[in-house]
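Peer 1: Mind having a look at this structure? Questions to follow.
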Amino acid sequence: MNESPRVCLLNQEAVERALSRMARELLEKNGGPANLVLMGIHRRGVQLADRLKAEIEKTEANEIPSGSLDITFYRDDLMTIGPRPVIGESELPPAGIDDTAVVIVDDVLHTGRTARAAMNELMDWGRPSRILLCVLVDRGGREVPIQPDVVGKVQEDLPNAHVEVLVPELDGELGAYLLRNPEDAK
């Protein structure tokens, strides 16, 4: 009997619990909400950052500045993704990022190259006092020496597998799935 090539890692309730815990961890690591800025990486990191922001603002009296990062031009594989890459817009908080604790938020951390590109882009905009990396799923398999500071779930790197995070704004549901190559599920 064949297994389904799609395995649920985190259902909606598990994602919500993970984000609630992650928000508390970010506050602990920063010593509270002061000077905290959330920057979500396009695409799904932006929606996760919005959820973390709402979670923090629910428990703290402070409004947390936030923005978004489109790392397309900072990728080290730009030439391999085709002649017409999809370009989004990066958005800084109105006060900027100098002397702030910037939290880069992404859906999945794998090789570390996306996080490296996000840090390069941030440094072109200013000089944060600190950068933290916050990811919903850490699947291992680093190619560069980058580790997350706050993680929702650790999933061991599996060859021929992919981790997909879904958000309601783009996908109609909230969850995280492991997608296996159908040949490996036999």
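Peer 1: Go through the stretch 100-114 and count every residue that is small (G, A, S) and either touching a Leu at 6+ places or on another chain (Cβ under 8 Å) or not in a loop (DSSP other than H, G, I, E, B) (or both).
Peer 2: 1
Peer 1: Taking A101 as the residue in question, decide whether it is out of contact with any Cys (no Cβ under 8 Å at 6 or more places or on another chain), among the small types (G, A, S) and at pLDDT below 95.
Peer 2: no
Peer 1: Within the stretch 13-35, can one find any residue that is crowded, with 20+ Cβ neighbours inside 10 Å and either outside any helix (DSSP H, G or I) or not hydrophobic (A, V, I, L, M, F, W, C) (or both)?
Peer 2: Checked against the condition, which is being crowded, with 20+ Cβ neighbours inside 10 Å and either outside any helix (DSSP H, G or I) or not hydrophobic (A, V, I, L, M, F, W, C) (or both), the stretch 13-35 yields no hits at all.
Peer 1: Same structure again: Filtering the stretch 127-140 down to residues that are assigned to a loop (DSSP other than H, G, I, E, B) and either among the charged types (D, E, K, R) or modelled with pLDDT of 95 or more (or both), which residue is nearest to D106 (Cα to Cα)?
Peer 2: Only one residue tops the list, namely R139.
Peer 1: Looking at L158, L136, L132, L122, which is the one that is more than 24 Å from E13 (Cα to Cα) and within 12 Å of the chain's Cα centre (by Cα)?
Peer 2: Testing whether each residue is more than 24 Å from E13 (Cα to Cα) and within 12 Å of the chain's Cα centre (by Cα) leaves just L132.
Peer 1: Still on this model: Which condition from (1) buried (at least 18 other Cβ atoms within 10 Å of the Cβ); (2) under 17 Å from V37 (Cβ atoms); (3) under 12 Å from the mean Cα position of the chain (by Cα) is the one that D149 breaks?
Peer 2: (1)
The values are calculated or read from the model by the stated rules, or taken from the named source; none is laboratory data. Predicted, not measured: the structure shown is a model, and the values here were computed from it. Please note: Cβ atoms are built from the backbone with ideal geometry, for glycine as well, and neighbour counts cover all protein chains shown.
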